[in-house]
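Could you have a look at this structure, given as structure tokens, before my questions?
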Amino acid sequence: MSTPTALPLDLAAARRWALAARAGLADARTQIDALNVFPVPDGDTGTNMFLTFDGALDVLRSHHDVDGTGISLTQGLGLLARGMLLSARGNSGVILSQLARGLHEAAAAADGPGEELRAELLAAAFTRADQLAWAGVSSPVEGTILSVSRAAAAGAREAAAEDGATAADVSAAALAAARTALEHTPTQLPALARAGVVDAGGAGLVIVLEALQRVLTDGQVAADAGDSPWFQTTATLPTADCTDDGEGAYEVMYVLTRSDGSRVSHLRAHLEQVGSSVLVVGGPEEWRVHVHLDEPQVAVEAGAMAGHVGGVRIEALVRSGSMPSAPVPQPRAGTGVVACAGGDGLVELFEQSGATVVRSSAGARASTGQLLNAIWAVPARSVVVLPNDADVQMAAEAAASDAREEGLVVEVVPSRAVVQGLAALAVFDPEAALADTVATMSEAAGATLHAELTLASRDAQTGAGPCRAGQALGLLDGQIVVVDDDLVRAATRLLARLVTDQTELLTVVSGADVEPAQRAGMEQVVGAIEQAHPGVEVVWVDGGQPAYPWLLGAE
């Protein structure tokens, strides 16, 4: 076999890498989603990683569209890193965005205005990316994407130490080490071994590294990439872009000044995530901005992040013969809340409690950029964020960190389930001191046990024994503890473990697809719980959430 041609990692190659990674993840997203440890219908790691790259490409494209001028490698990698962070969905997407950040920081730290990353700098980029990824996780675990990242960094450093090494050599070594580490993840995490899968995030990272190697070797990648039993990819450059055809209730127009091409690029990326009919034209001193969206203040606040906003016009758009009412200015409270929720009932409940809601559910989890926009839109002096999902926690932390750099006061309450978010919001006091508010809400969230009932998406081995596709599963604190043929019987068994004599409040949240017979069965089960524990108060909520027919919380 002939030696692959080694190409430089310059700006053009970085753009091709982003395109190839997006295409590879698009091809493999379903397979990666299926590598979920638990056989529950909310595995979306592949989707999250794909959307992270997809949004980053919008940032790169929008910069060219705004001013049409050339940019340096460092500037381009900065745009890519920023775009990936704003588009990051799920913990895997946030960790993946650190790879681009590592590339950017390595390029920025290099001596001179070099227009390509050579071997030693690429190895430094892998190392920095790995450091950032591990530092961003509060409780890092071996056998995850972090293990694959660490192996890739070690392989890159070893290759860079060889005389005459090229960026392609470093990339190849990182890829080989990552593949080996991925194959070993089931030996590091018993849950992976039990499910018979490798780590989903690690699998996605391998695809991203394959894309980089493909770009640096003119499409030539070692053949063993396709031999993996876990997934196969046939990534090619995409021929069309994903677009959002949705329309909003308001048209927002304004003039942006005191900005620059980079910040305008970020603004466009923000607006494309939250609205439609986005137009940002002009420069270099003045840009005209146009967008359709449901919450006009989000567009104005996003513009204020990018520069000075003037000449604002907000007009209601006619939809189906009706005219929405104009937005009412809200006074700035002491502290406001941003909360994630999926399902119309839950969204309405959080909004009625005063929260600014970001829709988030499996397959469509909130991105860092969406959370950041919501934070800016809250009419308050400080903001508390409720992720309400363990897989949104890192995106929430990233959004809060970004907002703090811009001078906002933001804290994240670690709510890992929507019932914990409801408990936290129940004790929220907008006028209390922020530290007291965060402590009180965190305590309420942490004191709420959460459980879920769903149907198995596939045959699998679980901590509660084997399950077949379609069987009822009961999860307690994120772990499968009940497997049953009948959903109502599973609910009986799960509630027996959830509710104790110390329980004061039981929250029962129904999902989108609950049938009348299932609701009647659940009412009987809960009625039995009330008889056995007369001191328990029960609150019923029509949540409308997907994937999980019932969400349960015990306080």
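Looking at region 483-512, which of its residues are under 17 Å from residue 417 (Cβ atoms), of a type in the set (A, V, I, L, M, F, W, C) and part of a strand (DSSP E or B)?
Selection gives 505, 506, 508, 509.
Additional query: Return yes or no: is residue 130 charged (D, E, K, R) and buried (at least 17 other Cβ atoms within 10 Å of the Cβ)?
Values: charged (D, E, K, R): yes; buried (at least 17 other Cβ atoms within 10 Å of the Cβ): yes.
So residue 130 fits the description; yes.
Another question, if that's okay. Among the residues of region 275-293, count how many are aliphatic (A, V, I, L, M) and modelled with pLDDT of 80 or more.
Residues meeting the conditions: 3.
Only one of (1) surrounded by 18 or more Cβ atoms within 10 Å (Cβ to Cβ); (2) not in a helix (DSSP H, G or I) is not met by residue 162, so which one is it?
Status for residue 162: all satisfied but (1).
Specify the residue that is surrounded by the most Cβ atoms within 10 Å (Cβ to Cβ); the eligible residues are those in region 253-297 that are of a type in the set (Val, Ile, Thr), in contact (Cβ under 8 Å) with a residue 60 or more places away in the chain and under 16 Å from residue 311 (Cα atoms).
The residue in question is 280.
Report whether or not residue 168 is over 27 Å from residue 414 (Cα atoms) and touching an Asp or Glu at 6+ places or on another chain (Cβ under 7 Å).
It is false that residue 168 is over 27 Å from residue 414 (Cα atoms) and touching an Asp or Glu at 6+ places or on another chain (Cβ under 7 Å).
Residues that are under 14 Å from residue 77 (Cα atoms), assigned to a helix (DSSP H, G or I) and without any contact (Cβ under 8 Å) to a residue 24 or more places away in the chain: does region 129-141 have at least one?
No, region 129-141 contains no residue that is under 14 Å from residue 77 (Cα atoms), assigned to a helix (DSSP H, G or I) and without any contact (Cβ under 8 Å) to a residue 24 or more places away in the chain.
Does residue 353 meet the test of being in contact (Cβ under 8 Å) with a residue 12 or more places away in the chain, more than 20 Å from the chain's Cα centre (by Cα) and closer than 25 Å to residue 82 by Cα?
In short, no.
Failed condition for residue 478, given (1) touching a Gly at 6+ places or on another chain (Cβ under 8 Å); (2) at pLDDT below 95, with all others met?
Only one criterion is unmet by residue 478, namely (1).
Determine, yes or no, whether residue 148 is outside the structural domain of residue 394 (by TED's automatic domain parsing), part of a helix (DSSP H, G or I) and closer than 30 Å to residue 370 by Cβ.
yes
Condition first: of a type in the set (Ser, Thr, Tyr), surrounded by fewer than 13 Cβ atoms within 10 Å (Cβ to Cβ) and out of contact with any Phe, Trp or Tyr (no Cβ under 6 Å at 6 or more places or on another chain). Can you find one or more residues in region 492-512 that meet it?
Going residue by residue through region 492-512, those that are of a type in the set (Ser, Thr, Tyr) are 492, 500, 503, 507, 510.
Now drop any that are not surrounded by fewer than 13 Cβ atoms within 10 Å (Cβ to Cβ), which leaves 500.
Right, trim to out of contact with any Phe, Trp or Tyr (no Cβ under 6 Å at 6 or more places or on another chain) and you get 500.
Yes, region 492-512 contains at least one residue that is of a type in the set (Ser, Thr, Tyr), surrounded by fewer than 13 Cβ atoms within 10 Å (Cβ to Cβ) and out of contact with any Phe, Trp or Tyr (no Cβ under 6 Å at 6 or more places or on another chain).
Now, a different point. If you scan region 513-522, which residues turn out to be surrounded by 13 or more Cβ atoms within 10 Å (Cβ to Cβ) and either outside any loop (DSSP other than H, G, I, E, B) or in contact with a Phe, Trp or Tyr (Cβ under 9 Å, 6 or more places away or on another chain) (or both)?
If the condition is that a residue be surrounded by 13 or more Cβ atoms within 10 Å (Cβ to Cβ) and either outside any loop (DSSP other than H, G, I, E, B) or in contact with a Phe, Trp or Tyr (Cβ under 9 Å, 6 or more places away or on another chain) (or both), then 514, 518, 519, 521, 522 are the ones that fit.
Moving to a separate point now. Take the residues of region 526-553 that are assigned to a loop (DSSP other than H, G, I, E, B) and under 26 Å from the mean Cα position of the chain (by Cα): which is surrounded by the fewest Cβ atoms within 10 Å (Cβ to Cβ)? Break it down stepwise before answering.
Here is the first cut: in region 526-553, the residues assigned to a loop (DSSP other than H, G, I, E, B) are 533-536, 546-549.
After this cut, where a residue has to be under 26 Å from the mean Cα position of the chain (by Cα) as well, the list is 546-549.
Numbers: 546: 17, 547: 19, 548: 27, 549: 23.
That would be 546.
The values are calculated or read from the model by the stated rules, or taken from the named source; none is laboratory data. None of the values given here were measured: they were computed from a predicted structure. Cβ coordinates were reconstructed from backbone atoms using ideal geometry, including for glycine residues, and neighbour counts include every protein chain displayed.
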